[in-house]
1. Per-residue counts of other Cβ atoms within 10 Å, averaged by peptide: what ranking do you get for A:57-63, B:41-47, highest first?
2. Give the whole-number value, in cubic angstrom per residue, of the convex hull volume spanned by the C-alpha atoms of region B:15-112.
3. Kindly give the semi-axes, whole Å and largest first, of the ellipsoid equivalent to the protein assembly as shown, taking each as the square root of 5 times a Cα gyration tensor eigenvalue.
4. If you wrap a convex hull around the C-alpha atoms of chain A and split its volume per residue, what is the figure in Å³?
5. Can you pick out the pairs among A:K20/A:K55; A:K66/B:K70; A:K66/B:K36; B:K51/B:K99; A:K41/B:K51; A:K14/A:K55 whose Cα atoms lie more than 24 Å from each other?
6. At 1.4 Å probe size, with no ligands or nucleic acids counted, give the accessible surface of B:E17 in Å², nearest ten.
7. Which cysteines does chain A leave without a neighbouring Cys Cβ under 4.7 Å?
8. With a 1.4 Å probe and every protein chain kept in, tell me what percent of the accessible surface of chain A is carbon plus sulfur.
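The values are calculated or read from the model by the stated rules, or taken from the named source; none is laboratory data. Note that the coordinates shown come from a computational prediction; the quantities given were computed from them, not determined experimentally. Note that we place each Cβ from the backbone using ideal geometry, even for glycine, and neighbour counts take in every protein chain shown. Surface accessibility is based on the protein's heavy atoms, side chains included, excluding ligands, DNA and RNA. Shrake-Rupley method; radii C 1.70, N 1.55, O 1.52, S 1.80 Å.
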Amino acid sequence: GAVVSQHPSRVICKSGTSVKIECRSLDFQATTMFWYRQFPKQSLMLMATSNEGSKATYEQGVEKDKFLINHASLTLSTLTVTSAHPEDSSFYICSAPRQGLPVMRQYFGPGTRLTVT
Amino acid sequence: GQQVMQIPQYQHVQEGEDFTTYCNSSTTLSNIQWYKQRPGGHPVFLIQLVKSGEVKKQKRLTFQFGEAKKNSSLHITATQTTDVGTYFCAGHGSGNTGKLIFGQGTTLQVKP
């Protein structure tokens, strides 16, 4: 089946630094990828839609300048958390949709656990 | 905007008891998907329902899609400890963008 990888799986950084998270679709191309954030015991909250070759679409309340998204190729999207603060500590998950029959299905990466100290 | 509500938030059952989680959307859905997330893991696709009134079974799991395509349920018969996790329903947003709107999830705990 389709596989989506994410790197790194865990990262600890100091407040004020930036962290880049990579999301790759390993055996299919994804013109669109999605970035979610999940706080403990909460649901997945969609942050933004990453579009290959164009600007990302951010959900309401998500700061574009803080969460930089780049979809450089059909298999890679990156999320950079800039000037990270402790409140940015969370589980970040990407997903890539793959058209199947009869509808589109999401394949999730394993997630990146970010801890900002 | 579109919202997907899911209840209950938590459910503790004794092993062998049944379990049901319910999902309601503020708008009609083209389809609904169910995912399971184990503690510390990522969501794993379980199933998708497309047709009005559709019922699908996977061993002890029964999934239903309402006639109006605005609600869905997941029923587990005779729970086992391996069923522990959080179950999410998710509906697609308008258009065929692949964008999923997730319910809040129901966390199932099974006591052996």
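1. By packing density, highest mean first, the sequence is B:41-47, A:57-63.
2. Here the figure is 88 Å³ per residue.
3. Rounded to whole Å, the semi-axes are 30, 21, 15.
4. Given the Cα convex hull of chain A, per-residue volume reads 104 Å³.
5. Too far apart for the 24 Å limit: A:K66/B:K70; A:K66/B:K36; A:K41/B:K51; A:K14/A:K55.
6. My reading of the accessible area for B:E17 is about 90 Å².
7. A:C13
8. 51
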